[in-house]
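The values are calculated or read from the model by the stated rules, or taken from the named source; none is laboratory data. Quick caveat, the model's predicted, so the values are computed rather than measured. For neighbour counting, all protein chains shown are included, and Cβ atoms are generated from backbone atoms with ideal geometry for every residue, glycine included.
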Amino acid sequence: MSRSDWDQFFSREFSEERIKKYFYKFKYGTAPIYAAEEFLPPTGVIYDLGCGEGVFCKFLRWKSPSRQVVGIDLSENRIEKARRRSEGGGIKYAVSDIAELNEENIADAVSIVHVLYLLPVEKQKRLFIACNKALKMNGRLVILSLDAGEAGTKSILEAFFFALRVGGGLFRSAAKLLSLFHIGKPIAEETDVIFGHRENKPYYQRERAYIDYLSAIGFRLEKRELLRGTPFTYFVHQYVKEGNGR
Ligand SMILES: C[S@@+](CC[C@H](N)C(=O)[O-])C[C@H]1O[C@@H](n2cnc3c(N)ncnc32)[C@H](O)[C@@H]1O
């Protein structure tokens with residue numbers, strides 16, 4: 001698997017959605033997304049948690065059609081788009097809170113890509129215990145996230161979220177004002193989803209914190225890849241379930 005596979009998939013996937021293409025190009029192009037795919041098994045049942053619009057789910061199947069993929073996200077709107085993009089033919093979607101996942105011994109692998117920063121640390125821990133329960137013994141957990149321990153990454157993130165808080169606040173107020181005149185109601189609803197539900201507060205942790213926590217609940221780190229200076233630092237970890245979490 002190489003970057004060129006990803007580029008090929010990408011050009012095809014977004015051939016008619018120019019703006020989205022640039023957004024995803026930045027989001028995925030700065031992260032080691034191709035390693036995340038490689039760290040997942042080529043067959044079996046894979047749960048992609050916080051799947052958004054299902055781009056990664058579709059990519060997983062495109063790379064290996066014998067994978068059965070289940071994408072789960074809290075946002076009805078995104079799941080609806082994901083269904084339009086790729087439901088059927090080995091991919092299923094569901095709307096649900098991933099921290100409340102309550103499956104036992106059914107997944108060969110679980111992926112969590114660009115999601116952890118949205119969940120308060122205690123909720124991340126609940127999620128990992130739920131992943132442990134859902135995985136079969138020796139199943140794989142793959143997480144991709146920013147490393148908040150990197151000095152450059154940390155200051156860029158702080159600046160970014162400061163801008164988001166100020167800009168988002170102004171944008172939400174303007175949208176609320178518009179909603180008084182009805183025409184702005186859908187805009188206000190959408191901006192509330194984007195800027196409102198997480199108080200613009202990210203919950204990034206150091207890479208080390210994940211290794212420590214996951215090894216304490218029955219996972220062993222097997223593979224790891226870093227991508228530095230894009231301008232952030234991202235890591236991908238592959239863990240093997242070797243025991244039952246508590
Ligand atoms: C930045 S997007 C990443 C989407 C996708 N994994 C990707 O890489 O394109 C984060 C996603 O996590 C979802 N999310 C956040 N908290 C969640 C929760 N508690 N349960 C389910 N989904 C959640 C959001 O709705 C959003 O679609």
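Remarks
- Options Leu127, Leu135, Leu101: the member that is in contact (Cβ under 8 Å) with a residue 60 or more places away in the chain, under 17 Å from the mean Cα position of the chain (by Cα) and in the same structural domain as Val236 (by TED's automatic domain parsing): Leu127
- The one condition from (1) within 8 Å of the ligand (Cβ to nearest atom); (2) farther than 22 Å from Phe39 by Cβ that Leu119 does not meet is (2).
- For region 83-114, taking the residues that are near the ligand (Cβ under 9 Å from one of its atoms) and under 16 Å from Phe59 (Cβ atoms), the one that is surrounded by the most Cβ atoms within 10 Å (Cβ to Cβ) is identified as Ser111.
- Restricting attention to region 29-80 and to residues that are near the ligand (Cβ under 10 Å from one of its atoms) and of a type in the set (D, E, K, R), the residue that is surrounded by the fewest Cβ atoms within 10 Å (Cβ to Cβ) turns out to be Glu76.
- Some residue of region 139-154 being over 30 Å from Arg206 (Cβ atoms), touching a residue at least 40 places away in the same chain (Cβ under 8 Å) and of a type outside the set (Lys, Arg): no
- Unmet criterion (only one of (1) under 27 Å from Glu38 (Cα atoms); (2) modelled with pLDDT of 75 or more; (3) more than 14 Å from the ligand (Cβ to nearest atom)) for Thr153: (2)
- Region 5-28, residues that are hydrophobic (A, V, I, L, M, F, W, C) and either surrounded by 14 or more Cβ atoms within 10 Å (Cβ to Cβ) or in contact with a strand residue (DSSP E or B) (Cβ under 6 Å, 6 or more places away or on another chain) (or both): Trp6, Phe9, Phe10, Phe14
- Scan of region 72-97 for residues that are touching a Cys at 6+ places or on another chain (Cβ under 9 Å) and β-branched (Val, Ile, Thr), ordered by number: Ile72, Ile79, Ile91
- Test result for Ser15, within 19 Å of Arg85 (Cβ to Cβ) and part of a loop (DSSP other than H, G, I, E, B): yes
- Residues located in region 125-150, provided they are within 14 Å of the ligand (Cβ to nearest atom), closer than 12 Å to Leu49 by Cα and not small (Gly, Ala, Ser): Leu127, Phe128, Cys131, Val142, Ile143, Leu144
- Flag if Glu53 is in contact with a helix residue (DSSP H, G or I) (Cβ under 7 Å, 6 or more places away or on another chain) and at pLDDT below 95: yes
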